[in-house]
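Student: I'd like to ask you about the structure that follows.
The values are calculated or read from the model by the stated rules, or taken from the named source; none is laboratory data. All of these numbers come straight from a predicted model, not from anything done at the bench. Because the Cβ atoms are built from the backbone with ideal geometry, glycine has one as well, and the counts that use them run over all protein chains shown.
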Amino acid sequence: MVYTLTTPLYYVNDRAHLGSAYTTLACDAIARHRRLKGESVVFITGCDEHGQKIQRTAAAAGLSPQAHCDAVSEGYRELWNRWQISNDRFIRTTDPRHRRIVEQFFARVEASGDVVEGRQQGWYCVACEEFKDDPHEAQDPECPTHRRPLEWRDELNLFFRLSRYQRQIEELIQREGFIQPVSRRREVENFVAQGLRDFSISRIDLPWGIPVPGHGGHTFYVWFDALLGYLTALLEPGDEPNLDLILERGWPASLHVIGKDILRFHAVYWPAMLLSAGLPLPEKVFGHGFLTREGQKMGKSLGNVLDPEVLLEKCGRDAVRWYLLRDIPFGDDGDFQQQRFSDLVNNDLANTIGNLLNRTSSMARRWFAEAVPPAGDATAPSHPLAIAASAAAGTVQQAMEALDFRSAAEAALQLAIQANGFLNDQAPWKAIKQEGQQAAVAADLYAVLEAARLVACLLAPLLPELSGRMLAQLAQPPTPAWPASLAWGLLQPGTALPEPQPVMARLELDAPL
Ligand code: MSP
């Protein structure tokens with residue numbers, strides 16, 4: 001069984017911003033979690049490169065659309081590399097194999113009798129590449145997401161007969177777990193309850209798109225083409241583009257992670273398209289919230305973006321991952337606040353987790369021959385830190401299954417807090433000066449080092465680098481398997497401990513990011 005996981009395919013109208021990095025980082029945590037459990041994962045990301053928005057952006061920059069897409073998508077690819085995103089695939093919808101997949105898919109949909117000609121009139125947002133629900137008589141309507149005027153469209157297009165799938169889509173969206181979080185299901189239910197209307201899948205006079213076979217002058221509507229990118233992405237390097245092969249390569253997807261703005265496309269249009277083409281449906285669609293800054297959606301079109309390049313350079317990967325995954329309940333909106341960002345990073349990572357390991361390792365090295373001390377009775381399951389560790393491991397595993405990164409992060413942090421508390425109570429720095437306390441001090445330090453190992457293992461999907469640095473300080477292998485590594489008492493007494501290095505630098509941000 002393959003776990004296939006996707007981010008949205010990002011528009012290349014501009015460079016990535018923190019909103020796109022957020023989705024990608026969250027998916028990275030999911031992919032890493034699945035791999036830790038020994039699952040085989042195909043983690044897909046990529047770029048959505050056709051459509052009017054891209055055509056206009058390229059023209060404004062005086063570039064051919066292809067040259068523009070090549071440059072921007074390369075920027076995405078490099079950025080994800082620098083963020084150490086563990087994606088297995090990077091699909092571009094201008095990939096020649098994608099065109100073949102789109103053609104084959106369209107042929108199936110047409111053969112199902114689901115393509116008809118029709119006239120589309122309505123208000124269109126080019127930034128969303130979407131017809132909006134505003135009534136025809138609306139005066140100067142705006143896109144609520146982009147705060148830009150909608151454009152009136154009146155076109156003869158090819159339509160997909162979505163209306164035929166009313167009942168199947170109703171059933172699908174009621175399926176337990178298909179739309180997550182559950183709070184987002186309601187808006188899709190309302191939309192579907194109004195009655196599904198056929199939607200146009202082609203454009204005329206829009207050269208920057210994939211031509212529709214057999215319908216001269218039509219190119220595919222960018223969303224029709226883009227969603228199919230999830231299929232093309234599954235092809236392996238030498239594969240011929242063949243829809244049947246996709247089923248052997250990891251389709252259906254286990255999870256599409258998207259922003260709430262594009263839930264309708266993923267939970268309604270996309271499944272109907274797949275039904276029409278006779279392909280299985282994705283198991284789950286998770287619509288997360290928006291990152292805001294000063295309460296406004298962060299977006300390329302609004303110009304209030306936080307640049308992931310700047311964040312990476314000034315703050316580092318661990319800091320940003322921690323803030324986004326630990327502070328924002330996945331699914332809800334989150335507001336980026338710089339002060340809170342640096343407070344959390346410094347308190348949780350530099351002070352609580354970093355110091356825990358540093359000071360314990362220093363004491364162990366000083367008093368116990370630069371090695372993990374003898375464990376004594378610290379390996380007993382009844383040891384207070386063994387109990388705390390087992391509770392943390394249970395919570396983190398459950399939370400990660402539920403994509404509740406915040407609870408997972410908090411539970412790992414809580415274990416570090418308990419271990420610090422234990423250390424302070426036992427005060428080994430005093431005890432070591434007393435006669436006959438050597439074995440008790442050894443056991444206490446062992447227990448705290450073991451708790452630190454557990455913290456590192458639990459953080460592995462969320463903060464792979466910090467986790468790796470902690471494990472290196474404990475002379476442990478870099479990637480822990482779950483659940484094997486989460487058992488208590490695995491640290492071997494006598495293991496040489498390397499010289500302590502700070503595992504997390506403090507963030508000192510003197511200017512706004
Ligand atoms: N190209 C389409 C998706 C096609 S999928 C087959 C698209 N691209 S996008 O670049 O405009 O946005 C993609 C996603 O970026 C959003 O759904 C969301 O996941 C993420 N975000 C964009 N702005 C965001 C925020 N301000 N906050 C959080 N995520 C946001 O739509």
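Student: Looking at Gln426, Gln414, Gln434, which one is over 25 Å from Gln180 (Cα atoms), touching an Asp or Glu at 6+ places or on another chain (Cβ under 6 Å) and at pLDDT 95 or above?
Tutor: Gln426
Student: Same structure again: Going through region 292-334 one residue at a time, which ones are more than 8 Å from the ligand (Cβ to nearest atom), β-branched (Val, Ile, Thr) and surrounded by fewer than 18 Cβ atoms within 10 Å (Cβ to Cβ)?
Tutor: The answer is Val310, and nothing else.
Student: Next question. If I ask for residues that are among the β-branched types (Val, Ile, Thr) and under 24 Å from Pro271 (Cβ atoms), which ones from region 64-110 would you list?
Tutor: Ile91, Thr93, Ile101, Val102, Val109
Student: For Leu245, all conditions in the list (1) at pLDDT 95 or above; (2) outside any loop (DSSP other than H, G, I, E, B); (3) out of contact with any helix residue (DSSP H, G or I) (no Cβ under 6 Å at 6 or more places or on another chain); (4) within 13 Å of the ligand (Cβ to nearest atom) hold save one; what is the number of the exception?
Tutor: (4)
Student: Identify all residues within region 76-96 that are in a loop (DSSP other than H, G, I, E, B) and touching a Phe, Trp or Tyr at 6+ places or on another chain (Cβ under 9 Å); write none if there are none.
Tutor: Ile85, Ser86, Asn87, Asp88
Student: Against the conditions (1) free of Cβ contacts under 8 Å to residues at least 40 places away in the same chain; (2) within 27 Å of Val182 (Cα to Cα), where does Asp327 fall short? Just the number, please.
Tutor: For Asp327, the failing item is (1).
Student: Within region 1-25, how many residues turn out to be more than 9 Å from the ligand (Cβ to nearest atom) and touching a strand residue (DSSP E or B) at 6+ places or on another chain (Cβ under 7 Å)?
Tutor: 4
Student: Let me ask something else. For Pro213, only one of the following conditions fails: (1) in contact (Cβ under 8 Å) with a residue 40 or more places away in the chain; (2) assigned to a helix (DSSP H, G or I); (3) away from the ligand (no atom under 16 Å from the Cβ); (4) surrounded by fewer than 18 Cβ atoms within 10 Å (Cβ to Cβ). What is its number?
Tutor: That leaves (2) as the condition not met.
Student: Could you identify the single residue in Gln104, Gln55 that is in a helix (DSSP H, G or I), in contact with a helix residue (DSSP H, G or I) (Cβ under 7 Å, 6 or more places away or on another chain) and more than 15 Å from the ligand (Cβ to nearest atom)?
Tutor: After applying the criteria, what remains is Gln104.
Student: Next question. For region 26-52, how many residues are near the ligand (Cβ under 10 Å from one of its atoms) and farther than 13 Å from Gly229 by Cα?
Tutor: The total comes to 3.
Student: Since Gln84 meets every condition but one in (1) on the phi < 0 side of the Ramachandran plot; (2) more than 10 Å from the ligand (Cβ to nearest atom), which condition does it not meet?
Tutor: Evaluating Gln84 over (1) on the phi < 0 side of the Ramachandran plot; (2) more than 10 Å from the ligand (Cβ to nearest atom) leaves (1) as the failure.
Student: Right, here's the next one. Tell me whether region 5-15 contains one or more residues that are of a type outside the set (D, E, K, R) and not in a strand (DSSP E or B).
Tutor: yes
Student: Of Gly289, Gly278, Gly238, which residue is in contact (Cβ under 8 Å) with a residue 40 or more places away in the chain and away from the ligand (no atom under 16 Å from the Cβ)?
Tutor: Gly278
Condition check ((1) touching a helix residue (DSSP H, G or I) at 6+ places or on another chain (Cβ under 6 Å); (2) of a type in the set (Val, Ile, Thr)) across all residues:
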| residue | (1), (2) |
| --- | --- |
| Arg293 | no, no |
| Lys297 | no, no |
| Leu302 | no, no |
| Pro308 | yes, no |
| Glu313 | no, no |
| Asp318 | yes, no |
| Arg321 | yes, no |
| Leu325 | yes, no |
| Ile328 | no, yes |
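Student: So which helices (runs of 4 or more DSSP H) stay within region 380-496 end to end and still have 1 or more residues that are within 18 Å of Asp348 (Cβ to Cβ) and among the β-branched types (Val, Ile, Thr)?
Tutor: Ranges flagged: 384-401, 405-426, 438-459.
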